[in-house]
Amino acid sequence: MVKIRLKRLGAKKRPYYRIVVMDSRTPRDGRAIEELGYYHPVEAADKQVKVDLVKVDEWLKKGAQLTSTVKTLVNRAKASN
């Protein structure tokens, strides 16, 4: 199953996440099929989330599933546009 989920990057206590499309069996920080955006929780509110909504919709049509956290971030990105 393909999921749209977060991939953790950054240093200790300074997390930085990429929103990626991955097989559900791969490790959290493993190889991604495609990168769709980022989430940087430490930044200012207007720079925290960037998501390519067109690509997200394409992957959802192909059968990919959003994790609960990514679903919240996508909804936040849609609301700001």
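For R5, the test of being in contact with a helix residue (DSSP H, G or I) (Cβ under 8 Å, 6 or more places away or on another chain), crowded, with 16+ Cβ neighbours inside 10 Å and of a type in the set (D, E, K, R) is passed. Tell me whether region 20-38 contains one or more residues that are touching a strand residue (DSSP E or B) at 6+ places or on another chain (Cβ under 7 Å), β-branched (V, I, T) and under 16 Å from K78 (Cα atoms). Within region 20-38, not a single residue is touching a strand residue (DSSP E or B) at 6+ places or on another chain (Cβ under 7 Å), β-branched (V, I, T) and under 16 Å from K78 (Cα atoms).
Looking only at region 48-81, how many residues end up being over 20 Å from D23 (Cβ atoms) and of a type in the set (F, W, Y)? Count: 0.
Within the span defined as region 15-27, one or more residues are surrounded by fewer than 16 Cβ atoms within 10 Å (Cβ to Cβ) and either touching a Ser or Thr at 6+ places or on another chain (Cβ under 7 Å) or of a type in the set (S, T, N, Q) (or both). Selection of region 32-81 for residues being touching a residue at least 40 places away in the same chain (Cβ under 8 Å), surrounded by 14 or more Cβ atoms within 10 Å (Cβ to Cβ) and in a loop (DSSP other than H, G, I, E, B) yields A64, T67.
Of all residues in region 1-19, those being over 18 Å from A77 (Cα atoms) and in contact (Cβ under 8 Å) with a residue 60 or more places away in the chain number 3.
Among the residues of region 11-31, those that are within 16 Å of T69 (Cβ to Cβ) and either modelled with pLDDT of 90 or more or assigned to a strand (DSSP E or B) (or both) comprise P15, Y16, Y17, R18, I19, V20, V21, M22, S24.
The values are calculated or read from the model by the stated rules, or taken from the named source; none is laboratory data. Computed from a predicted structure; not experimentally measured. Cβ atoms come from the backbone with ideal geometry, glycine included; neighbour counts cover every protein chain shown.
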